[in-house]
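Here is the structure we will look at, set down as structure tokens.
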Amino acid sequence: MSRAAVAVSWVVTLVGGLIILGGLGALTNDSAVGVTPYRTAWVAWSLEVAGLLVCLACLLVAKPFAQWRAVIVGMLAIPTAVLIPIADLVLTAKGALPGSNGSDSRANTTAAGLIICMCGNYLLALAVCLFDDTPAVVAESKVGV
């Protein structure tokens, strides 16, 4: 895998995160509840942003990249595990969500962003695990020793 595959996967995850931001922001702004019911969703979104920033920093700055694979996969796995139940809740509640005003469109937008983001995380984790920028070491064979 190349650095370009990691970058494309990163952009897919970023697009999903931006769609989540729009849907979640609309739901939160129109929520009549005093304390926002979307606190966990905002924390998950923040974890997603942190994971993307760590991945970008490791991709652009850290050398060799192979030493940072576990960190990046962990930073992608945590928000994905938190986003799965949120996506389930959004998809089942739809128009009954606080701030949806009886319409399914905000919930559908948020769910689409969640699904794109989770798929992007999966692709990014795969691309990170398969990407290798360490120089190849040629093993010397000692025949007859």
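First check a/c for the range 34-117, with a ≥ b ≥ c the square roots of the eigenvalues of its C-alpha gyration tensor; if it is under 1.5, answer rounded, and if not, answer prolate when a/b is larger than b/c or oblate otherwise.
prolate
Taking the simple approach of a point 7 Å from Cα along Cα-to-Cβ for both Val8 and Ala32, what is their distance in nm?
Using points 7 Å along Cα→Cβ, the separation is 4.8 nm.
Which order do Asp104, Asp88 take when ranked by solvent-accessible area (1.4 Å probe, heavy atoms of all protein chains), largest first?
On the way: Asp104 70, Asp88 95 Å².
Output order, biggest surface exposure first: Asp88, Asp104.
What part of the accessible area of the chain, given as a whole %, is carbon or sulfur when the probe is 1.4 angstrom?
Numbers: 5640 of 7960 Å².
Whole-percent figure for carbon plus sulfur exposure: 71.
Applying 1/(1 + (r/R0)^6) with R0 = 25 Å to the Cβ-Cβ distance of Val43 and Tyr122, what FRET efficiency is obtained, to the nearest 0.05?
Details: r = 21 Å, r/R0 = 0.82.
Working from the Cβ atoms, E equals 0.75.
Which value in deg cm²/dmol, rounded to the nearest 500, describes the helix-derived mean residue ellipticity at 222 nm for the chain, given -39,500 (n - 2.57) per DSSP H run of n ≥ 4 and division by the residue count?
Details: 4 runs with 100 residues, N = 145.
-24500 deg cm²/dmol, from helical runs alone.
If DNA, RNA and ligands are ignored and the probe is 1.4 Å, what is the ranking of Arg3, Arg106, Arg39 by accessible area, most exposed first? Mind dumping the intermediate values first?
Values: Arg3 85, Arg106 65, Arg39 145 Å².
Correct descending sequence by accessible area is Arg39, Arg3, Arg106.
For Cα extents along the principal axes in Å, the choices are (i) 52, 35, 25; (ii) 55, 52, 26; (iii) 79, 22, 21; which was calculated from the structure?
From the options (i) 52, 35, 25; (ii) 55, 52, 26; (iii) 79, 22, 21, the structure gives (iii).
Find the accessible area per residue for the chain; the probe is 1.4 Å, ligands and nucleic acids are left out, and the unit is Å². Don't skip to the end; give the middle numbers.
Working: 7960 Å² over 145 residues.
Accessible surface, normalised per residue, equals 55 Å².
Mind giving me the nanometre distance, one decimal, between the label points for Val15 and Leu89, set 7 Å out from Cα along Cα→Cβ?
It is 2.7 nm.
The values are calculated or read from the model by the stated rules, or taken from the named source; none is laboratory data. A quick note: this is a predicted structure, and the numbers were derived from the prediction, not measured. As a convention, Cβ positions derive from the backbone with ideal geometry for all residues, glycine included, and neighbour counts pool all protein chains shown. Accessible surface areas use protein heavy atoms only, side chains included; no ligands, DNA or RNA. Shrake-Rupley method; radii C 1.70, N 1.55, O 1.52, S 1.80 Å.
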